[in-house]
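A short worksheet on the structure shown next.
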Ligand SMILES: Nc1ncnc2c1ncn2[C@@H]1O[C@H](COP(=O)(O)OP(=O)(O)O)[C@@H](O)[C@H]1O
Ligand SMILES: [Mg+2]
């Protein structure tokens with residue numbers, strides 16, 4: 001099976017200097033579940049952003065679905081890979097939760113009935129029904145985290161990158177999220193889970209990567 | 001504490017920038033706008049500021065340019081008419097010249113503001129206070145100015161977040177796209193409000209304004225060169241305005 005996401009000799013430095021990633025080679029299949037672990041500041045978020053195209057590698061190449069990722073627009077990459085930001089606030093733009101979840105579906109041409117149906121499904125799955133008309137910025141951290149995930153899962157991407165999705169969740173919500181990810185996995189959708197929680201990583205992922213000193217261990 | 005005078009002083013820069021931008025707004029004469037641009041660019045080069053930064057800024061505002069040029073071109077229907085639609089003049093020689101003047105004007109203003117990059121934020125607050133502006137006021141104004149790039153960054157991030165949901169913004173018709181842009185103002189303003197609330201609390205916690213007087217890290221004085229540039233700017237500004245009022249310059 002060919003790799004869905006492939007990194008070839010990818011390095012990344014900030015313009016001000018400071019190399020974050022060094023010669024990363026990585027190959028991810030579409031239905032694989034991978035955990036990316038590493039200390040704070042080791043470059044996990046940077047790696048995720050390089051894959052999704054929010055950052056460009058200083059050298060090396062990224063391939064998605066066999067094509068050089070440079071050839072995709074940001075939107076095209078977003079259709080191939082769902083990306084849940086580490087800071088969920090960074091991805092909200094609508095004035096209600098319902099709209100936040102339904103927005104992209106509507107603009108991607110889904111009929112209003114189906115959008116409504118999908119939104120309700122997500123509100124139930126992520127226990128957000130009572131906040132349907134709330135302004136996303138007014139949610140608690142855990143609720144924001146769930147909304148961010150709901151808005152991406154609603155789009156049914158073929159692969160998902162989740163940047164520390166368990167941060168700010170209480171024990172019960174962690175279990176729920178775990179169930180959601182298990183369900184996603186059972187549907188054959190793969191994910192790259194950036195997380196600090198070793199137990200969670202080994203439970204939810206078939207492969208655990210460790211990022212340290214700019215290199216994958 | 002008295003600081004070592006360092007040419008140019010913030011007040012000198014403020015005076016020069018204020019006069020250049022005022023003239024850029026007041027004057028309609030191409031030749032004089034060009035002279036103004038030449039003077040400003042020369043000052044930037046003498047001050048050792050790279051013009052690439054100005055170019056980058058110009059490129060960032062290219063849509064605004066286009067919009068202003070378009071508005072000018074449509075509202076000014078004088079001269080030879082090139083394009084007409086149901087009795088409305090869309091493009092004319094007068095309109096084109098008007099658009100050109102508008103572009104020149106904005107370029108001069110952006111270039112002049114670039115001169116301020118010689119000074120940091122603290123120096124500017126001090127400079128304003130030395131000119132008699134109340135400290136709190138100076139502080140607030142500069143805080144606001146400093147956040148503009150942050151807000152723009154935030155705007156771009158939200159734009160990326162929308163595109164990452166698989167929406168091809170370029171493919172959406174303009175009317176709907178404007179609606180999407182209006183969506184983006186939401187997180188940008190919400191973010192700004194949240195941040196300003198945090199800053200206000202942090203400042204109170206550090207006893208901002210708890211005492212009627214404050215100590216300044218530096219209180220630089222003006223050099224002879226500063227006085228010379230200030231006098232030159234004032235003289236030049238007054239001279240040009242005089243000719244404008246007399247009708248010698250458009
Ligand atoms: N916008 C930025 N500019 C410069 N350096 C940054 C920026 N964002 C992150 N960094 C630096 O890059 C390194 C990796 O950051 P990041 O990928 O966010 O780490 P992680 O997600 O593993 O905690 C850190 O040292 C961080 O300080
Ligand atoms: Mg991170």
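The table that follows gives values for the structure above.
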read-out: Listed residues A:88, A:157, A:15, most fluctuating in chain A (Gaussian network, C-alpha, under 10 Å); value: A:15
read-out: Alpha-carbon spread of the protein assembly as shown, three principal axes, descending order, Å; value: 82, 68, 47
read-out: Percent of alpha-carbon pairs separated by more than 22 Å within the range B:121-219; value: 49
read-out: Modelled FRET efficiency - R0 30 Å, residue A:106 with residue B:70, Cβ distances, 0.05 increments; value: 0.50
read-out: Over the range A:18-155: Rg over Rh, Cα atoms, Kirkwood Rh; value: 1.00
read-out: FRET efficiency, 1/(1 + (r/R0)^6) with R0 60 Å, evaluated for residue B:206 and residue A:116 via beta carbons; value: 0.75
read-out: Length-normalised contact order of chain B in % [C-alpha pairs under 8 Å, at least 6 apart]; value: 35
read-out: Principal-axis tilt of helix A:97-107 within chain A, Cα atoms, nearest 10 degrees; value: 70
read-out: Beta bridge orientation in the protein assembly as shown: antiparallel %, DSSP, nearest 5; value: 55
read-out: Shielding by other protein chains, A:71-77, mean Cβ within 10 Å; value: 5
read-out: Gyration tensor verdict on the range A:13-69 (Cα atoms; rounded if a/c is under 1.5, prolate if a/b is larger than b/c, oblate otherwise); value: oblate
read-out: For residues of B:155-161, the mean tally of beta carbons on other chains within 10 Å; value: 5
read-out: Selected from A:77, A:176, A:203 as most flexible by GNM, with chain A as the system and alpha-carbon contacts under 10 Å; value: A:203
read-out: Relative frequency of Cα-Cα separations exceeding 24 Å in the range B:10-149, percent; value: 43
read-out: Chain A: most fluctuating residue of A:106, A:174, A:56 per GNM, C-alpha cutoff 10 Å; value: A:106
read-out: Mean Cα-pair separation over length for chain A, i.e. relative contact order, pairs under 8 Å, 6 or more apart, %; value: 30
read-out: Size descriptor, Kirkwood hydrodynamic radius, that averages inverse alpha-carbon separations across the range B:125-165, Å; value: 11.9
read-out: Kirkwood Rh in Å, taken over the range A:91-187 so that all alpha-carbon pairs contribute; value: 13.6
read-out: DSSP bridge orientation in chain A - percent antiparallel, rounded to nearest 5; value: 50
read-out: Cβ-derived FRET efficiency at R0 35 Å, residue B:214 paired with residue B:34, nearest 0.05; value: 0.20
read-out: Normalised contact order of the range B:121-219, rounded percent, pairs of Cα under 8 Å and 6 or more residues apart; value: 31
read-out: Folded to 0 to 90 degrees: helix A:141-153 orientation relative to chain A principal axis, Cα; value: 80
read-out: Theoretical ellipticity at 222 nm over chain B - DSSP helices of four or more residues, -39500 (n - 2.57) apiece, nearest 500; value: -24000 deg cm²/dmol
read-out: Euclidean distance of C-alpha centroids, the range A:122-191 and the range B:115-163, integer Å; value: 37
read-out: Debye intensity ratio in log₁₀ form over the Cα atoms of chain B, taken at each q of 0.10, 0.14, 0.16 Å⁻¹; value: -0.71, -1.17, -1.30
read-out: Overall dimensions of the range B:165-250 by Cα: Rg and Dmax, Å; value: 25.4, 60
read-out: Computed helical MRE - 222 nm, chain A, DSSP H runs ≥ 4 contributing -39500 (n - 2.57), nearest 500; value: -10500 deg cm²/dmol
read-out: Degrees between helix A:112-125 axis and first principal axis of chain A (Cα, 0 to 90, nearest 10); value: 80
read-out: Over the range A:64-109, equivalent-ellipsoid semi-axes from the Cα gyration tensor in Å; value: 24, 14, 8
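Each reported figure results from applying straightforward, stated rules to the coordinates on display, with no laboratory input. Worth saying up front: this structure is predicted, and the values here are computed from it rather than measured. Ideal geometry is used to build each Cβ from the backbone, glycine not excepted, and the neighbour counts take in all protein chains shown.
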